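Asker: Okay, here's the structure, questions in a sec.
Derivation of every value follows stated rules applied to the coordinates shown; laboratory data play no part. If you're wondering where the values come from, they're calculated on a predicted model, not measured in any experiment. A quick note on method: Cβ atoms are made from the backbone with ideal geometry, for glycine too, and the neighbour counts reach across all protein chains shown.
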């Protein structure tokens, strides 16, 4: 996994880029992820990876690594983003399959 | 001719404002003292405007058309962008801009072979919000922000950033209005790997090596050895943010910098610190 493997044209990258800029899209990510993914044209394997919060798969598909932790924050919240936070634990689980 | 009155570079990790309390007591103390000192130095230089250079965290520079540099031309800025508020634990703020300085830089850098994209709708996350909150907590120093592409390859080389910094310094000294007091502040780095396989590691040896180059004024060696691959090895997803530090180093003509503070703060998932070039000139 490296930033040199990013696929800029990947719809997932476009979606996450725009979501973080717009609180209306953040809300839609939370309540209508399926519709949001469809509107951005995500392929089925991208959608499945988001549903499963499978960060390893998202990275394999070309999602920017920087987005991976932000995706866990979109799912689990951002406040006090310490190693013990739900978002960071979801990051660990999403990459390794096991919490720290 | 305008005067460069302060030349500085700092790391901007969100943990500094968001969860500093989980760092070791010694690290907390040293970072609080260090950033207080950096803030004092910046404010006491009495700049009329801060030229800020920071990496963009894929928040502004579009993935479908990614410039190396994008300068903000708005008369005022608001931050942090809403989604980042609770993450950063920073209250909403307003800081002034300076469209005239921004537009002059675009025009004059064009004439010197450096193309800056420009726009007036830049959003700030930790990149400018953490430095502003810690160094200028009254948000009373106007900011002209420049967002750089450091983490979406291909990125500009250290040599290119140093060259751009030199030309920024030239424009400030030769073109901006006489008596204007200008601070050049870079934010980004140090070693870290957000989202990557070394997310919970700091490459302290790399950080101290890089800081030693600055302290010794070894800019030519830094340009030769700070390849993109070297940055990746020290933290794939974030260490290349240190490209921003080559802007003030170039503006300072490769002179020595003083390390004000450094801490390998694993709890913040980022090496943290800051340097100041002693003579702005």
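Asker: Please find the FRET efficiency linking residue B:91 to residue B:140, where r is the Cβ-Cβ separation and R0 is fixed at 22 Å, and quote it to the nearest 0.05.
Answerer: Approximately 0.90, to the nearest 0.05.
Asker: So what's Rg/Rh here for chain A, counting alpha carbon atoms and using the Kirkwood radius for Rh?
Answerer: On the Cα set of chain A, Rg over Rh gives 0.94.
Asker: Report relative contact order for the range B:94-176 in percent, whole number only (criteria: Cα-Cα under 8 Å, sequence separation at least 6).
Answerer: 46
Asker: I would also like to ask the following. Please list the radius of gyration and Dmax for chain B, considering alpha-carbon atoms only, with Å as the unit.
Answerer: Calculated on Cα positions, Rg and Dmax stand at 16.9, 50 Å.
Asker: Kindly list the residues of the range A:1-37 that lie in the label zone of residue A:43, defined by a backbone N under 15 Å from the point 7 Å along the Cα-to-C-beta vector.
Answerer: The answer is A:6-14.
Asker: While we're looking at this one, here's another question. Taking 0.36 nm per residue of separation and subtracting the Cα-Cα distance, what length does fully extending residue B:24 through residue B:112 add?
Answerer: Computed gain between residue B:24 and residue B:112 is 27.0 nm.
Asker: For B:270, B:150, what's the fewest-to-most ordering of other Cβ within 10 Å of each Cβ?
Answerer: B:150, B:270
Asker: Taking 45 Å as R0, compute the FRET efficiency from the Cβ-Cβ separation of residue B:40 and residue A:96 and round it to 0.05.
Answerer: My answer for the efficiency is 0.55.
Asker: In addition: Once the cut-off is 12 Å, how many percent of the Cα-Cα pairs in the range B:94-159 end up in the long-distance tail?
Answerer: Of all Cα-Cα distances in the range B:94-159, 76 percent exceed 12 Å.
Asker: Give the relative contact order (percent, whole number) for chain A; include only Cα pairs under 8 Å separated by 6+ residues.
Answerer: Dividing the mean separation by the residue count of chain A yields 29 percent.
Asker: Further question: Work out the FRET efficiency for residue B:170 and residue B:205 from their Cβ-Cβ distance, taking R0 = 45 Å, and round it to the nearest 0.05.
Answerer: 0.80
Asker: Turning to a different aspect of this structure: Looking only at the range B:32-149, where both bridge partners belong to it, what percent of the DSSP beta bridges are antiparallel (to the nearest 5)?
Answerer: Taking every DSSP beta bridge with both residues in the range B:32-149, the antiparallel ones total about 45 percent.
Asker: Considering only C-alpha atoms, what is the centroid distance from the range A:5-44 to the range B:154-233, in Å?
Answerer: 32
Asker: Just from its helices, what would the mean residue ellipticity at 222 nm be for the protein assembly as shown, if runs of 4 or more DSSP H residues each count -39500 (n - 2.57) and the sum is divided by every residue, rounded to the nearest 500 deg cm²/dmol?
Answerer: Here the helix-only value at 222 nm equals -12500 deg cm²/dmol.
Asker: Here is a follow-up. For chain B, what relative contact order do you get, as a whole percent, if you take Cα pairs closer than 8 Å and at least 6 residues apart?
Answerer: 33
Asker: Please work out the C-alpha center-to-center distance from the range A:55-72 to the range B:1-78 and express it in whole Å.
Answerer: Taking the Cα centre of the range B:1-78 as reference, the centre of the range A:55-72 is 26 Å away.
Asker: Using only the Cα atoms of the range B:85-218, construct the convex hull and provide its projected area averaged over every direction, in square nanometres to one decimal.
Answerer: Dividing the Cα hull surface by four gives the mean projection, 10.4 nm².
Asker: Among DSSP beta bridges whose residues both lie in the protein assembly as shown, state the antiparallel percentage, nearest 5.
Answerer: Approximately 45 percent, going by the DSSP bridge assignments.
Asker: Considering only chain B, what is the antiparallel percent among its DSSP beta bridges, to the nearest 5?
Answerer: Antiparallel bridges: around 45 percent, rounded to the nearest 5.
Asker: In nanometres, what is the gap between the two model label sites at residue B:100 and residue A:89, each 7 Å from Cα along Cα-to-Cβ?
Answerer: In this crude label model, residue B:100 to residue A:89 measures out at 5.6 nm.
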